[in-house]
Amino acid sequence: QVQLVESGGGLVQPGGSLKLSCAASGIIFRLFDMGWYRQAPGKQRELVAVITSGVSANYADSVKGRFTLSRDNTKNTVYLQMNSLKPEDTAVYYCRAHYYSPDYWGRGTQVTVSS
């Protein structure tokens with residue numbers, strides 16, 4: 001059974017930092033591209049960042065220079081370090097695992113940036 005479990009969300013003030021984790025089980029983690037997506041209320045889910053099995057990372061323009069994606073294949077975990085957070089980063093953040101079909105998704109973790 002495949003599971004993706006996100007953690008690390010919470011409430012943070014503007015300019016603050018959070019580190020999200022996504023722990024995977026039931027897959028050969030090193031083969032999968034891993035991504036973080038987010039969905040704000042009333043908006044569509046959007047890509048935040050993705051890291052390939054070859055550890056090449058790509059970011060949405062809105063988070064470049066502020067967010068850093070990394071993976072630890074020994075722990076089957078992908079991380080999203082989020083710095084200089086803005087109110088517009090408020091959303092539910094979801095982890096996605098992609099390797100051919102099907103894709104797998106976590107249940108999400110809430111990030112709220114507010115003073």
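The values are calculated or read from the model by the stated rules, or taken from the named source; none is laboratory data. Treat the numbers as computed from the prediction; the structure is a model and nothing was measured. Reconstructed Cβ throughout: ideal geometry from the backbone, glycine too, with neighbour counts over all protein chains shown. When the accessible area is computed, the model is the full protein with side chains, heavy atoms only, and any ligands, DNA or RNA have been set aside. Shrake-Rupley method; radii C 1.70, N 1.55, O 1.52, S 1.80 Å.
Taking only the stretch 30-49 into account, find how many residues are closer than 15 Å to TYR100 by Cα and either surrounded by 18 or more Cβ atoms within 10 Å (Cβ to Cβ) or not hydrophobic (A, V, I, L, M, F, W, C) (or both).
Number of matching residues: 5.
For residues in the stretch 1-22 being closer than 19 Å to PHE67 by Cβ and among the aliphatic types (A, V, I, L, M), which is surrounded by the fewest Cβ atoms within 10 Å (Cβ to Cβ)?
Top of the filtered list is LEU11.
Which of the residues spanning the stretch 62-115 are more than 30 Å from GLN1 (Cα to Cα), surrounded by fewer than 17 Cβ atoms within 10 Å (Cβ to Cβ) and not charged (D, E, K, R)?
Within the stretch 62-115, SER62, GLY65, ASN83, SER84, PRO87, THR112, SER114, SER115 meet the criteria.
Would the stretch 57-73 turn up any residue that is part of a loop (DSSP other than H, G, I, E, B) and touching a His at 6+ places or on another chain (Cβ under 9 Å)?
No: zero hits.
For ILE27, all conditions in the list (1) open to solvent by less than 40 Å² (accessible area, probe 1.4 Å); (2) assigned to a strand (DSSP E or B) hold save one; what is the number of the exception?
(2)
Just a yes or no: is a residue in the stretch 86-97 at pLDDT below 95 and in a loop (DSSP other than H, G, I, E, B)?
no
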